[in-house]
Each structure stands twice: as structure tokens, then as C-alpha cells.
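The values are calculated or read from the model by the stated rules, or taken from the named source; none is laboratory data. The structure presented is a predicted model; accordingly, all values stated were derived computationally and were not measured. Here the Cβ is made from the backbone with ideal geometry for all residues, glycine too, and neighbour counts use every protein chain on show.
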Amino acid sequence: MLPPRADHATPTWVKVFAVVGALLIVAVVVLLVIGGHGPGRHA
Amino acid sequence: MQPRLRKLALTAHVSASVGWLGAVAGVLALAIVGLASEDTQTVRAVYIAMEPIAWFVVLPLSLASLLTGLVQSLGTVWGLFRHYWVVAKLVINLVATVILMLYMRTLGDLADSASQPGVSTSDLRDPSPVLHAGVALVLLLTATTLAVYKPPGVTPYGRRRAARG
């Protein structure tokens, strides 16, 4: 039998989604900070 | 929302979202050709063509997908913040649309460079459209998968709404 609040737990796929999203955001921020990325790079 | 109106809204949302996916796949194909082709005219044509395709096809479809998605979620029992899969789709849609808007300037710069005869093909080639269209394609495929499978999971807000009835 599941614990009473098991249905209230955040699903695993949501946690995976959040981690992958956070990693992508960090990667984009790092690229923007080091200057090798971003709008106007070709200007 | 009435059943007929709901079906119309769903048709509009699916059409816009899948159309966006297809348009991005087309841009990815062009971007790969631009990177790989040995023919100068082809490379120039690819970078010039990508800008109007983005302005007149990709961007309108992304905005239509966002708008019809909001109508679809707010006008049905799914809601906008009740289910994790709807929230995830909203986040994907917003992120992809904002990045697309920011990237329009780069596409414009690439098209300008491609129209100048003085710019060599090697200077013109750019992996950036392949990267952006590739990431966009993955994001949109993820959103499509979420929409079809509707993985379970109710947000705390959704639970409170359900408890209230």
C-alpha cells in the first residue's frame, strides 16, 4: 500500500524535466557570459 | 467551452503546433544545407531564405501555438496550472518563442551577409542555425509527446482546486 501522501509527490518526469531545463539555462547563461553567443553576434 | 468550439480550438492548436514543428524541421534542413553545401549560390540562397521563412511562417505559428494553447487550457477542464504536463508545455512554448524572437536579429544579419557578394562562403557558413533549429525541434517534439501522453501529476494548485470542487 502506498503512503497516504504518495499521490502528492512530484512525479519523477517533472523532476527530470526541471533538472534538464536548469542545465540548459546554465549552459545558455555561460555561453552568453563568455561572449560566444547571443543576438547580434554577426553584426 | 461548448464541444464544437472546443474541437475548433483544439484543431487550431494542433495545426499551429504541428505546423511550427514542421516549419522548424524545414529551417533545420536549410541550415544543414547551408553548412554542408559546396555550391556558393546555394549557401547564399539558404541564409537569405531562412529570414522570411522565420518571419512569415515560424514566428506566426509559434505565436498561434501559444495563443491557441492558452485558449485550449483556460477553456477546458485541464486549466493552465493544474497539471504538470500543461505547465511544462507552457514553459517550452514560452522559452522557444522568446529564443526565436531574440534569434530573428541573427537571422537578419546572416541574410544581410549572404546578400553581399564580398562576403565569402566560408565566412557565411554558420553552425548557429543548425544548433538553434535542432534544439527547437527537440523542445517541440517534447511538447508534442507531453500533449499526446499527458503524463500524470497534479500541481499543488491543481490539488487545491480539486479539493474545492
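Assorted remarks:
- Number of the exception - B:I99 against (1) within 15 Å of B:V27 (Cβ to Cβ); (2) at pLDDT 95 or above; (3) surrounded by fewer than 18 Cβ atoms within 10 Å (Cβ to Cβ): (2)
Residue-wise test of (1) part of a helix (DSSP H, G or I); (2) more than 13 Å from the chain's Cα centre (by Cα).
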site: B:G26; (1), (2): yes, no
site: B:V43; (1), (2): yes, yes
site: B:I48; (1), (2): yes, yes
site: B:A64; (1), (2): yes, no
site: B:T68; (1), (2): yes, yes
site: B:S73; (1), (2): yes, yes
site: B:F81; (1), (2): no, yes
site: B:W85; (1), (2): yes, yes
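- Check on B:L110, under 28 Å from B:K7 (Cβ atoms) and either in contact with an Asp or Glu (Cβ under 9 Å, 6 or more places away or on another chain) or more than 11 Å from chain A (Cβ to nearest Cβ) (or both): no
- Test result for B:A143, of a type outside the set (S, T, Y) and more than 8 Å from chain A (Cβ to nearest Cβ): yes
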